[in-house]
Structure formats: structure tokens, C-alpha cells
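S.K.: This is the structure I want to talk about, given as C-alpha cells.
The values are calculated or read from the model by the stated rules, or taken from the named source; none is laboratory data. As the structure is a prediction and not an experimental result, all values here were calculated from the model. Note that each Cβ is placed from the backbone with ideal geometry, even for glycine, and that neighbours are counted across all protein chains shown.
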Amino acid sequence: MILRAFLGWIFMTVTTYAASEAAPAPVAPKIPKDVSVHGDKRIDDYFWLRDLKNPAVLDYLKAENAHTEAVTAPTKPLQETLYRELLGRIKQTDLSVPYHKKGYWYYTRTEEGKQYPVYCRKPGSLEGAEEIMLDVNVLAVGEKFMEIGDLDVSDDGRLLAYSVDRNGHRDYEVFVKDLRTGALLPQKIGTASSLEWAADNDTLFYTQEEPVSKRSCRLLRWALGTGKHKLLYTEKDEQYDLDLGRSLDGKYLFCSSESKETTEVRALPADHPTGKFRVILPREENHEYHVDHRDGLFYIVTNKGSKNFRIVTAPVATPDPKHWTEFVPHNPAVKIEGIELFARHAVVEERENGLPFLRVIDFKSGESHRLEAAEPAYEMSVEVNEDYDTDTLRYRYESLVTPPTVYAYDVVTRRRTQLKQTEIVGGYDASRYVSERLFATADDGTRIPISLVYRRDLRRTEPQPLLLYGYGSYGFSLPDSFSSNRLSLLDRGLIYAVAHVRGGGELGEEWHDHGKMKEKMNTFTDFIACAQYLIRQGYTTPPDLLASGGSAGGLLMGAVVNLRPDLWHAVIYDVPFVDVLNTMLDPTLPLTTAEYLEWGNPTVKEEYAWMRAYSPYDNIAAQPYPAILVNVSLHDSQVPYWEGTKLVAKLRALKTDQNVLLLKANLDAGHGGASGRYDSLKETAFDYAWLLSTLHIDK
């Protein structure tokens with residue numbers, strides 16, 4: 001009865017919208033309270049929201065959506081304007097840069113009016129006849145969600161193995177297609193988290209997840225000729241996940257078993273698929289390593305005795321440390337993030353002072369040189385390279401003001417050729433925008449990088465609206481990348497800034513270490529320090545300061561808003577990891593056990609205390625909060641929908657202000673939101689319209 005009355009209130013209330021709600025914020029339905037307790041003995045009043053078998057839960061989400069729709073109704077014209085802008089900058093019929101592999105040129109293309117890409121290839125040359133391998137738009141007919149997971153073509157070009165997720169829960173079902181006939185093979189493989197063909201064009205290796213925890217824990221082999229599946233290995237340690245790869249020279253398959261701090265790699269000659277995967281280096285606590293192969297040697301990127309990694313080589317027959325030869329020595333100031341091996345040169349991905357570089361090493365001479373950039377903040381990475389015997393490196397470059405650009409770089413002549421720069425339809429003049437790199441100072445004296453971009457003609461003598469974005473977890477380095485969507489904010493006078501806080505990997509492994517486990521609070525105080533610095537420097541003021549973050553970045557939002565609610569005008573939490581204690585106390589949930597090494601294990605008293613100090617759901621207080629929009633997805637297997645949903649319910653019960661508080665639940669998607677490109681643009685337009693309207697910008 002109470003829920004029905006709540007639903008009626010949602011649909012019948014006429015609401016006006018500005019920075020706060022004219023009508024009282026809705027109260028969560030008073031469903032009977034759950035009696036399960038936290039470790040601190042407080043009852044979780046909203047635990048019932050986890051139970052999708054209870055029809056009241058879906059009704060509640062729909063009611064929240066109806067309320068959000070009613071409150072944001074006045075922003076509809078702005079949403080539509082923004083959507084047309086975002087769509088108008090995209091070249092809807094477009095082609096990726098083709099890459100060459102074993103006699104074919106592979107590429108994807110998009111067509112105007114269609115949500116999904118088409119995977120294609122041409123035999124021999126780019127003038128050849130197009131073969132459509134996979135049209136995702138056809139697969140998506142009748143589906144509300146469609147995403148391709150892994151995709152791999154056999155060495156002879158005959159078979160395409162691919163995996164499909166139909167609801168966003170990462171349940172990737174595998175299919176094998178005969179590219180000569182276009183028919184699917186009748187054999188059923190099931191689900192897989194990664195796929196790799198062996199060299200015999202008959203054997204497919206795949207890893208498989210445990211269906212509840214979503215932990216990738218089984219390695220299997222499937223033979224086309226016999227149709228038989230064989231389980232090769234089961235990873236029993238709940239902190240480890242399996243992943244598959246193959247060396248660029250095609251000689252070796254690798255199965256990596258990885259926790260957050262330790263790695264164990266198994267290798268198998270790709271031309272001997274019925275053989276046994278051999279452990280290269282047995283797992284050793286806190287030893288992370290990655291392996292590639294070239295010319296009879298394993299190249300091992302290792303942190304053994306080298307915090308920010310070094311690269312060694314070892315004979316295939318004897319890869320143990322006694323037989324290591326230094327290839328790239330450890331440099332404490334430079335983090336080595338990976339290596340790409342070609343026949344005559346190697347490319348090392350490096351990061352120094354928070355910025356990425358590519359180092360080219362000539363095997364014959366031993367000489368090396370870096371590819372660098374002149375902009376203060378940018379992103380540079382190795383692009384798809386499937387030709388082993390080549391002197392051309394394909395790489396991608398972009399920045400906060402430069403659209404994504406793919407180059408072909410001749411490692412001998414050191415000349416680069418632009419293959420493609422993403423076209424911004426309607427024209428784009430990079431000179432109209434300015435990028436800066438600043439440093440805030442944290443409470444302990446640590447310098448925190450900030451990247452920002454704004455219109456050159458912005459009146460910088462006065463504070464301006466500013467959107468501060470952050471993440472700060474898992475050692476992931478936030479890229480200073482380009483966004484054509486972001487232009488809609490910049491052209492309306494906003495400054496966009498990225499806070500590269502501790503917990504990320506921008507300044508090496510120690511940057512990650514000082515923002516996880518018992519030092520996780522640094523992530524949040526760093527973000528607050530960045531906001532305070534931008535205010536002191538006159539870039540913005542609290543009434544004009546917006547913030548946003550997703551997933552672990554949503555955790556960041558929840559924590560900093562609890563700590564300093566006065567700093568922010570409006571905040572977006574995207575699929576936020578905010579119910580930290582409840583989630584980490586449930587080992588059956590996806591990611592939980594693997595992340596004991598990122599957040600801690602709350603069954604350990606000391607580690608429970610770490611999390612209790614910042615867990616956003618558990619630290620909501622009776623205090624004023626800024627305007628808040630929380631986005632969740634019903635089928636999210638990484639951060640369940642109930643985390644953000646519970647947060648909103650509890651905020652409504654405790655917050656003392658009248659500022660707007662909204663929950664928007666995508667009932668047809670997973671962690672990444674809508675899968676179709678047009679649907680995704682509509683989600684972005686909604687978020688932008690909400691942020692802008694809180695600033696009273698309605699055009």
C-alpha cells in the first residue's frame with residue numbers, strides 16, 4: 001500500500017527544476033527492514049533492494065526513474081539540443097584504419113542510422129572485395145543490449161570465433177563462424193572471457209568464468225575436428241583470474257593467472273595445441289610479470305627487484321632468473337607498462353612524470369629513441385599492429401585538444417605518416433582551446449597533477465564553472481584524451497579538469513600503493529586538494545564546481561561529497577562502488593575476493609577499519625549535500641545496481657537540504673551503460689543537461 005502511494009505521488013506531482021527541487025524529495029518505500037547487520041552492528045535498512053525476485057524492487061527502480069523523468073522534464077529541450085550537437089559532430093558513416101594480418105586487411109565501419117559497427121575485411125589489398133565478417137546490427141535485432149566481447153580469426157582466415165553479451169552482465173556466449181560460407185558451426189562452446197586460436201586452425205583455447213562470482217578461473221580447449229572440449233586448468237585461488245594471449249610472431253600461446261599483486265604465466269607452442277601449458281615462473285608473492293616471445297627468447301616484463309618494472313630476456317628452455325639477461329634496466333623514474341615485439345625492433349610503453357612515451361629499440365644496433373609530444377597533457381599508445389615482419393609502427397595520439405590520430409611511424413627513417421585523424425563534423429579548430437597541466441599540493445606535501453582544458457576566449461580573470469573528473473584506483477592512469485562530446489560543455493563556458501590522484505598509476509607503482517589499502521584515504525583527500533587548489537587559483541568557486549566519476553570513480557565521488565559536501569555544487573555518480581563494506585563482506589559477488597588486495601578484507605579488524613572510514617554508504621550523515629545524480633544499470637555485474645540505489649535511499653532519509661537528489665536506472669544495460677552508440681549519446685546528453693541546468697544554463 002505504501003509503495004503504491006509512493007508510485008502515485010511520483011506520477012502525479014508537477015515538478016519544476018533548477019538547482020534544487022521545488023517539491024519535497026521523495027521518501028524511499030517503507031518496506032520491512034532487513035535484519036542482517038554490518039560488522040559495526042548497525043542494521044542496513046535498504047538491504048532488501050538486492051532482491052530482484054521481490055517485485056517491489058523493480059517497482060522501486062521504475063518509480064525512481066519516473067521521478068527523475070518528472071524532475072528533469074524542464075531540461076528536455078536542452079537534452080534534445082545537446083543530443084543534436086553530440087550527434088552532429090560524429091561522422092556517422094565512417095571507417096577505422098585498416099590493419100594487415102596474414103593476407104587480409106581488417107577494419108570496422110559504421111553506417112548512418114545504425115547503432116553498431118560492422119566487422120569487415122578485404123583479401124590481398126584495400127582494393128579487394130569487401131567481406132562482412134560480422135554485422136553487429138544484425139545480431140542486435142530484437143535485443144535491448146548487444147556487445148561483442150572477444151573476436152579472433154584463425155590463422156588460415158577461415159574461422160571467426162566471437163563472443164556476445166546480450167544484457168550487459170558480461171555473460172559472453174561464444175560462436176564460431178565459417179567465413180567461407182557465412183554459416184555458424186553447430187557445435188556449442190558456451191561462454192568465454194577470452195579466446196585464442198592455435199596455429200593448426202582447428203583448436204580454440206578459451207577461458208571461462210564462474211557464473212556467480214564472474215571470476216575467470218577455467219582454461220579449456222575445443223577441437224573443431226572432434227567437437228570435444230577438454231578442461232586444462234582450474235585456478236582455485238579466489239584472488240586470481242585467467243586471461244589468454246598470443247605472441248605477435250604467432251609462436252606461443254600464454255595463459256596468465258593474475259591477482260592484484262602476483263602473476264603466474266603458462267606457455268604453449270601454438271603449433272602444438274595438444275601439448276601441456278608450462279609454467280614459466282611459478283607464482284611468488286608480489287612478483288608481477290608479463291611474457292612475450294621473439295626469436296627463441298622469452299621477453300619478461302618483471303617487477304622483481306624493480307618497483308616500476310624492467311625487461312629481461314631468457315631462453316625458452318630455461319626462463320628462470322638464473323638465466324635472465326637485462327634488456328631494459330629498471331629506472332625508478334620511469335614505469336614500464338608493456339612491450340611490443342617485432343622482427344627487427346621492440347616498442348616499449350613507458351610513463352614518466354605522469355605522461356606516456358613510446359621507446360623504439362633496434363635489435364641489431366641496440367640503439368633506442370623515444371616518440372615524444374609537445375603538448376602539456378596527452379595520450380599516446382600502441383595501435384593495432386598485427387604484422388610481425390615490418391619496420392612500421394602504428395600508434396595513436398590524442399590530447400585534450402587534439403582529436404584521436406593514428407600514425408604510421410617508420411622506425412628506420414623516423415618519419416611518421418598520418419593515417420587518420422578522427423573527423424569532427426562541422427569543423428573543429430583546435431587553436432580555439434587551451435590545455436594546461438597544473439599541480440596541487442596535498443596535505444602531506446605530495447604534488448598532484450591536474451590536466452585541464454577550456455576555451456581560449458574564456459574570461460580567465462573571473463572564476464568559471466568547472467567540472468572536475470577523477471578515478472584513482474587499480475593503478476589505472478586516467479588518459480588525457482579528446483572528447484568531441486566535451487565540446488558542448490567547453491563551448492558553454494565550462495572548464496574541464498582531470499585530477500590524477502593517488503591510487504591511479506600516473507606516477508608509477510608507488511602512486512598506486514599510496515592510494516590503496518590502508519592509504520586509500522589519500523585518493524579522496526588528493527581530489528579535495530585539487531578542488532581547493534583550483535578555487536584558490538581563481539579557476540572556479542564552490543557554487544560553480546561540479547564533479548563526476550564512475551565505478552571506482554563513483555566511490556571517489558561518494559567519499560569526497562561526504563567529507564566536504566560544501567565544496568561541490570552538483571555531482572554525478574556513475575555506476576558507483578559506494579556500498580564498500582557490504583560488497584567486500586560478500587565473497588560470492590563478482591570482483592570481491594580479487595579486490596581484497598585493493599581495498600582490504602573486512603573480516604580482518606584493521607582492514608575493516610580502513611574501509612569503514614570512507615565507505616560512502618556507511619558515512620552518510622545528517623548534513624547538507626550538493627545536488628546529486630546517481631546512474632546505475634540493472635545488469636551491472638561489476639558494481640551491482642543496488643549500491644547506488646541504496647545510497648540514494650539513505651541520503652533521502654538523512655540529508656538536511658532541499659537540493660535535488662536523483663536516481664536514474666538503466667534497466668537494459670550493464671556497467672558501461674547503453675551499448676548502442678545513439679543510445680549512449682542520449683545518456684551523455686541527459687547528464688550534460690542536468691549539470692548545465694543546475695548552473696541555470698538552459699540553452
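S.K.: Can you tell which of S247, S306, S259 is closer than 21 Å to A161 by Cβ, hydroxyl-bearing (S, T, Y) and crowded, with 17+ Cβ neighbours inside 10 Å?
M.R.: S247
S.K.: Can you tell me which residue in the range 362-380 is surrounded by the most Cβ atoms within 10 Å (Cβ to Cβ), limited to those that are among the charged types (D, E, K, R) and in a loop (DSSP other than H, G, I, E, B)?
M.R.: Quick first cut of the range 362-380, residues among the charged types (D, E, K, R) only: 362, 364, 367, 370, 372, 375, 379.
Among the residues that remain, those that are also in a loop (DSSP other than H, G, I, E, B) are: 364, 367, 372, 375.
Numbers: K364: 7, E367: 9, E372: 12, E375: 16.
Filtering first and then ranking leaves E375.
S.K.: Next up: Filter the range 328-339 down to the residues that are farther than 27 Å from F439 by Cα and surrounded by 19 or more Cβ atoms within 10 Å (Cβ to Cβ), then identify the one that is farthest from the chain's Cα centre (by Cα).
M.R.: Ranking the candidates gives V328 first.
S.K.: While we're here: Among all residue pairs at least 6 apart or on different chains, which show Cβ distances below 8 Å where the first residue, located in the range 174-188, is without any contact (Cβ under 8 Å) to a residue 12 or more places away in the chain and the second is surrounded by 11 or more Cβ atoms within 10 Å (Cβ to Cβ) and part of a strand (DSSP E or B)?
M.R.: A183/K177; L184/F175; L184/V176; L184/K177; L184/D178
S.K.: When you scan the range 85-97, do you find a residue that is out of contact with any strand residue (DSSP E or B) (no Cβ under 9 Å at 6 or more places or on another chain) and without any contact (Cβ under 8 Å) to a residue 40 or more places away in the chain, even just one?
M.R.: Step one: filter the range 85-97 for residues out of contact with any strand residue (DSSP E or B) (no Cβ under 9 Å at 6 or more places or on another chain), giving 85-88.
Then drop every residue that is not without any contact (Cβ under 8 Å) to a residue 40 or more places away in the chain, which leaves none.
Within the range 85-97 (the criterion being out of contact with any strand residue (DSSP E or B) (no Cβ under 9 Å at 6 or more places or on another chain) and without any contact (Cβ under 8 Å) to a residue 40 or more places away in the chain), the answer is no, since none of the residues qualifies.
S.K.: Let me ask something else. What number of residues within the range 220-240 are surrounded by fewer than 19 Cβ atoms within 10 Å (Cβ to Cβ), outside any strand (DSSP E or B) and either without any contact (Cβ under 8 Å) to a residue 60 or more places away in the chain or among the β-branched types (V, I, T) (or both)?
M.R.: Number of matching residues: 6.
S.K.: For D155, indicate whether it is within 24 Å of L185 (Cβ to Cβ) and at pLDDT 95 or above.
M.R.: On the way: within 24 Å of L185 (Cβ to Cβ): yes; at pLDDT 95 or above: yes.
Considered against the rule, which asks whether it is within 24 Å of L185 (Cβ to Cβ) and at pLDDT 95 or above, D155 comes out as yes.
S.K.: With the structure loaded, tell me whether P465 is of a type outside the set (A, V, I, L, M), touching a Ser or Thr at 6+ places or on another chain (Cβ under 9 Å) and crowded, with 22+ Cβ neighbours inside 10 Å or whether it fails that test.
M.R.: yes
S.K.: Another question about this same structure. Would you check which residues across the range 492-519 are within 16 Å of the chain's Cα centre (by Cα) and of a type outside the set (D, E) and list them?
M.R.: Answer for the range 492-519, where residues must be within 16 Å of the chain's Cα centre (by Cα) and of a type outside the set (D, E): V498, H500, G503, G504, G505.
S.K.: Strands (runs of 3 or more DSSP E) wholly in the range 320-361 with at least 1 residues that are at pLDDT 95 or above and more than 21 Å from R396 (Cα to Cα) - which ones?
M.R.: It comes to 325-328.
S.K.: Taking only the range 73-106 into account, find how many residues are surrounded by 13 or more Cβ atoms within 10 Å (Cβ to Cβ), over 30 Å from Y388 (Cβ atoms) and among the hydroxyl-bearing types (S, T, Y).
M.R.: The qualifying residues number 3.
Condition check ((1) modelled with pLDDT under 95; (2) under 25 Å from E143 (Cβ atoms); (3) buried (at least 19 other Cβ atoms within 10 Å of the Cβ); (4) among the aliphatic types (A, V, I, L, M)) across all residues:
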site: A183; (1), (2), (3), (4): no, yes, no, yes
site: P186; (1), (2), (3), (4): yes, yes, no, no
site: G190; (1), (2), (3), (4): yes, yes, no, no
site: E209; (1), (2), (3), (4): yes, yes, yes, no
site: V212; (1), (2), (3), (4): yes, yes, no, yes
site: R218; (1), (2), (3), (4): no, no, no, no
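S.K.: Next up: All but one of (1) among the charged types (D, E, K, R); (2) touching a residue at least 24 places away in the same chain (Cβ under 8 Å); (3) under 15 Å from L487 (Cβ atoms) hold for D59, so report the exception by its number.
M.R.: Status for D59: all satisfied but (3).
S.K.: Return the residue satisfying two criteria in turn: it lies in the range 640-691 and is small (G, A, S) and under 21 Å from N619 (Cβ atoms), and of such residues it is nearest to the chain's Cα centre (by Cα). Let's see the steps before the verdict.
M.R.: Here is the first cut: in the range 640-691, the residues small (G, A, S) are 644, 649, 653, 665, 669-670, 672-676, 680, 685, 689.
Now restrict to residues that are under 21 Å from N619 (Cβ atoms): 644, 649, 653.
Numbers: G644: 18, A649: 27, A653: 32 Å.
For the range 640-691, the residue satisfying everything is G644.
S.K.: What single numbered condition from (1) touching a Ser or Thr at 6+ places or on another chain (Cβ under 8 Å); (2) crowded, with 19+ Cβ neighbours inside 10 Å fails to hold for G508?
M.R.: (1)
S.K.: Moving to a separate point now. Among the residues of the range 439-450, write down those that are part of a strand (DSSP E or B) and either buried (at least 19 other Cβ atoms within 10 Å of the Cβ) or among the acidic types (D, E) (or both).
M.R.: Scanning the range 439-450 gives A440, I448, P449, I450.
S.K.: Right, here's the next one. Starting from residues that are among the small types (G, A, S) and in a strand (DSSP E or B), keep the ones in the range 383-434 and report whichever is surrounded by the fewest Cβ atoms within 10 Å (Cβ to Cβ). Spell out the reasoning first.
M.R.: Initially, the range 383-434 is screened for residues among the small types (G, A, S), giving 399, 408, 426-427, 430-431.
Next cut, in a strand (DSSP E or B) only: 399, 408.
Numbers: S399: 25, A408: 16.
Filtering the range 383-434 for residues that are among the small types (G, A, S) and in a strand (DSSP E or B), the one surrounded by the fewest Cβ atoms within 10 Å (Cβ to Cβ) comes out as A408.
S.K.: Determine which member of the set E112, E69, E64 is acidic (D, E), within 27 Å of the chain's Cα centre (by Cα) and in a helix (DSSP H, G or I).
M.R.: On inspection, the qualifying residue turns out to be E64.
S.K.: Follow-up question, since we're still on this one. Name the one entry in V560, V604, V575 that is among the β-branched types (V, I, T), within 21 Å of H512 (Cβ to Cβ) and in contact with a Ser or Thr (Cβ under 9 Å, 6 or more places away or on another chain).
M.R.: V560
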